[in-house]
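The values are calculated or read from the model by the stated rules, or taken from the named source; none is laboratory data. Model, not experiment: these values are computed from the prediction. Positions of Cβ are generated from backbone atoms using ideal geometry, with glycine treated the same way; all protein chains shown enter the neighbour counts.
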Amino acid sequence: MVSRQILHLTSGAAWGDVVLTGAIKQGDYRLRAYTNWMRNAGPEYFFMKKIHIGGYDTQPPVKPTVQANPDVQFFPEGGDLVNGLRCKVAVKSIAPNGLGQDINGTIVDNEGNVIVDFATQHLGMGAFAFTPQSGKTYKARIKTGMGETAFEVELPKAKEAGFTLGINNSRPDSIFLKVAANEALFQQKQHSAFYVIAQSGGKVYYTAKSTLEDQVFTAAMDKKRFPTGIVQFTLFSGNGEPLNERSAFIENDDTLKLKLNNPVKTYAPGQKVTFNLDVKKPSGLPVMGAFSAAVTNESMLLGDEASDVNIFSSLLLTSDLKGYVEKPGYYFTNTNDQTRADLDVLLLTQGYQRFEWKPILNNTQPQAVYQPETSHDLAGNIKTYSGKPVPNAKISLIAAKNDFITDTVTDVNGNFIFKDLDLPDSARVLLSAKKINKSNNVNISINKPAYPPVVKDKHTVDVNTITAEIPATAKPDSVQKRLQQIMDLRNRRMLKEITIKAHKEYKRAEPDLTYSTNLNGPGHADQIIMSDELNGCVTLSECLTFTLRGGISIRNGKAINPQVHGMHQSHIMAVSIDGAISNNINLDDIDPNIVHSVEVLSTVANYSVYGYDIGGGVLVITTKHGGKDYATLEQAQGTITYLYHGFYKAHEFYLPKYDNPQSTALASDLRGTIFWNPNIITDKDGKTTLNYYNAGTKGTYRVVIEGINDDGNLGRLVYRYKVE
């Protein structure tokens, strides 16, 4: 975990940032966003985005491995193969790295007869159709390429009696539905009732009831009756049992129309840019809305719109699908018949959810465990030393650094809550409580928030694949060259021509450990971590996760030392703060902003001076003011200090101004990201203005603006201009 932030939503929107400190190593990271209510649906529905952070280090060499066969699955349209009924079957092939892998193959029956050939069409997904027959079973003989040895996968077994549910979504104005029953089912269920229900976002938009008088039932529906997005069609029996299901994507002409009025087609480096943004509804009327804008230099940061996550792919596609969707932007970039067909196959393989209907129809849908967070609160409990709740006790909350004080009273069970606390992130607060008789011999406990666990990403891309996808300017050697160029330009002065005979070497200043309480003597440690390496973290444990060496890890607020040997020795490192040592200090409770230095004593030679009881080593922490900024280890009775995680205040994107095009500052401005504003609001006329200065680099600048209005209509615009 690198960073955790709580963002305040205003009209459904929030924005934040992640500070990239020197403690963060290069590599792939995941950005995860969710509300408390979303936790009821599970982490599969959280927003996820992979972010690559580069640096000086070269990528480690990848040892060649023997590629295993891809995982291949087959998905009959509607859910089932039924004997005697022709059915479309989708196929999905996933390589060991979690990404789609193209295959080709042949469907054969149990007698070895070839039924149909097939091949995937996009990212390991494709479709074919055939008619299964009674008494036959089917399997696929699959190859991943020329000369490869075929392997076999069984197809789902066909039902002797059943329905198929098919959708034709190829027309721009209408969607067609077909329900078919095979002869066996028709004989069993003739004249029986069945229902078709279509819903999107939990709201029903279409219902139909019919009886089984013929083996085929068809319906045509105007797409305008549905919202843009995924619509789920479900076939129910007369008694409400879900039988078949099919998801389809509806694309209506209801997107916002964005236009940038730009009279200048070519700009110079450092020149001021002014764009007038005009936003209209599909009807042509102006509209207010909330938008974000990003400007990048494509010559330095080459984007891949197919792989990028955008507002359409997030809100209309991935938010309604479980699991990972590869290259989601592809389905909404330069849309045509092929991208629509590929999206339809994606929904055949990943949009099947019929089991979720059963608990709803049986009225056994589980109650929501996680409630919407309408305020940001701090809650807890007060008990006597014997464990009895203390009712009607007054408890005060003080945040001295923020000049904030408030109080409340416990209920009959000793519970208290401070609602709508207006405190920033990482605010240290003091809680003080007394019983009615003014006695302060009570214990205060805090209801600490429980966050969903971080799980390993199954869809890890091979290092070779990553390197191949990164543009040349972003590869390690080029990154180092570019960073060196930036440093050279920042130190540039306009001088006469000279001959450079030598370069001065710069070394980091010796750490100031004057006030260290290290019993070995200041600086005699296996590792020294100074305050400048502890930036951008909420807790000290988060900072140390990325700075500790020697295999030392952080678990549950404790440092674990793997170098300890012996069955009677603990691997947990003790913590010494300004000379006070304890085995019970939680690193999660220490604010890194008050820490001056951390001396790591991980070898016996360095920590043995602390005695036999310290078996796992010691973290010697010196605070910036000798302990004055840190709560004492022995809390006064009836008090407790707590690091409260309030709303995160996002940094404002820095926008330099260049009045002189020949300035040194402009020459050293080699930024790839030129402009970023996540909070752009159009007025009642649908207009607003963007102002910024180009960087000192030439190239093609890419402007991406996207947003939403109060009615839920989405809009996105990609615009490019030249800087020469």
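Brief remarks follow.
- Scan segment 85-94 for residues that are outside any strand (DSSP E or B) and buried (at least 21 other Cβ atoms within 10 Å of the Cβ) and the total you get is 1.
- Scanning segment 251-261 for residues that are in a strand (DSSP E or B) and crowded, with 21+ Cβ neighbours inside 10 Å yields a count of 1.
- Qualifying position, being out of contact with any Cys (no Cβ under 7 Å at 6 or more places or on another chain) and exposed (fewer than 13 other Cβ atoms within 10 Å of the Cβ), among Lys383, Lys434, Lys388, Lys394: Lys388
- Number of the exception - Leu633 against (1) modelled with pLDDT of 85 or more; (2) closer than 30 Å to Gly521 by Cα: (1)
- When Ser200, Ser174 are checked against the criterion of being small (Gly, Ala, Ser), in the same structural domain as Lys88 (by TED's automatic domain parsing) and surrounded by fewer than 17 Cβ atoms within 10 Å (Cβ to Cβ), a single residue qualifies: Ser174.
- Being farther than 30 Å from Thr164 by Cα, outside any loop (DSSP other than H, G, I, E, B) and charged (D, E, K, R) is a description that applies to Asp278.
- Among the residues of segment 639-690, the ones that are modelled with pLDDT of 90 or more, hydroxyl-bearing (Ser, Thr, Tyr) and part of a strand (DSSP E or B) come to 3 in all.
- Filtering segment 590-630 to residues that are at pLDDT 80 or above, within 25 Å of Asn402 (Cα to Cα) and not in a strand (DSSP E or B) leaves Ile590, Asp591, Pro592, Asn593, Ile594, Lys624.
- Consider segment 203-229 and keep the residues that are of a type in the set (A, V, I, L, M, F, W, C) and in a strand (DSSP E or B). The one that is nearest to the chain's Cα centre (by Cα) is Val204.
- Selection within segment 391-426 - more than 16 Å from Gly380 (Cβ to Cβ) and part of a strand (DSSP E or B): Phe404, Ile405, Pro424
- Matching residues, segment 408-438, being in contact (Cβ under 8 Å) with a residue 40 or more places away in the chain, farther than 30 Å from Cys543 by Cα and of a type outside the set (A, V, I, L, M, F, W, C): Lys434, Lys435
- Subset of segment 642-688 (residues that are in contact with an Asp or Glu (Cβ under 8 Å, 6 or more places away or on another chain) and either closer than 22 Å to Asp425 by Cβ or surrounded by fewer than 18 Cβ atoms within 10 Å (Cβ to Cβ) (or both)): Tyr642, Leu643, His645, Gly646, Phe647, Tyr648, Lys649, Ala650, His651, Pro656, Lys687
- Per the listing Gly303, Gly240, Gly270, the residue uniquely touching a helix residue (DSSP H, G or I) at 6+ places or on another chain (Cβ under 6 Å), within 24 Å of Gly696 (Cα to Cα) and modelled with pLDDT under 95 is Gly270.
- Scanning segment 21-56 for residues that are aliphatic (A, V, I, L, M), surrounded by fewer than 16 Cβ atoms within 10 Å (Cβ to Cβ) and closer than 24 Å to Leu643 by Cα returns Leu31, Ala33.
- Among residues of segment 691-724 being part of a strand (DSSP E or B) and among the small types (Gly, Ala, Ser), the one that is surrounded by the most Cβ atoms within 10 Å (Cβ to Cβ) is Gly707.
- Residue that is surrounded by the most Cβ atoms within 10 Å (Cβ to Cβ), among those in segment 307-366 that are basic (Lys, Arg) and at pLDDT below 90: Arg354
- Which listed residue, of Lys223, Lys189, is free of Cβ contacts under 8 Å to residues at least 60 places away in the same chain, under 30 Å from Asp278 (Cβ atoms) and surrounded by 13 or more Cβ atoms within 10 Å (Cβ to Cβ): Lys223
- For segment 161-180, a tally of residues being more than 17 Å from Gln215 (Cα to Cα) and hydroxyl-bearing (Ser, Thr, Tyr) returns 2.
- Taking the criterion of being without any contact (Cβ under 8 Å) to a residue 60 or more places away in the chain, more than 15 Å from His571 (Cβ to Cβ) and out of contact with any Phe, Trp or Tyr (no Cβ under 7 Å at 6 or more places or on another chain), the residues of segment 593-615 that qualify are Ala605, Ser608, Gly611, Tyr612.
Here's the yes/no breakdown for (1) in the same structural domain as Phe291 (by TED's automatic domain parsing); (2) touching a helix residue (DSSP H, G or I) at 6+ places or on another chain (Cβ under 6 Å); (3) closer than 18 Å to Trp15 by Cβ:
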{"position": "Thr664", "(1), (2), (3)": "no, no, no"}
{"position": "Phe675", "(1), (2), (3)": "yes, no, yes"}
{"position": "Asn679", "(1), (2), (3)": "yes, no, yes"}
{"position": "Asp685", "(1), (2), (3)": "yes, no, no"}
{"position": "Asp710", "(1), (2), (3)": "yes, no, no"}
{"position": "Leu717", "(1), (2), (3)": "yes, no, no"}
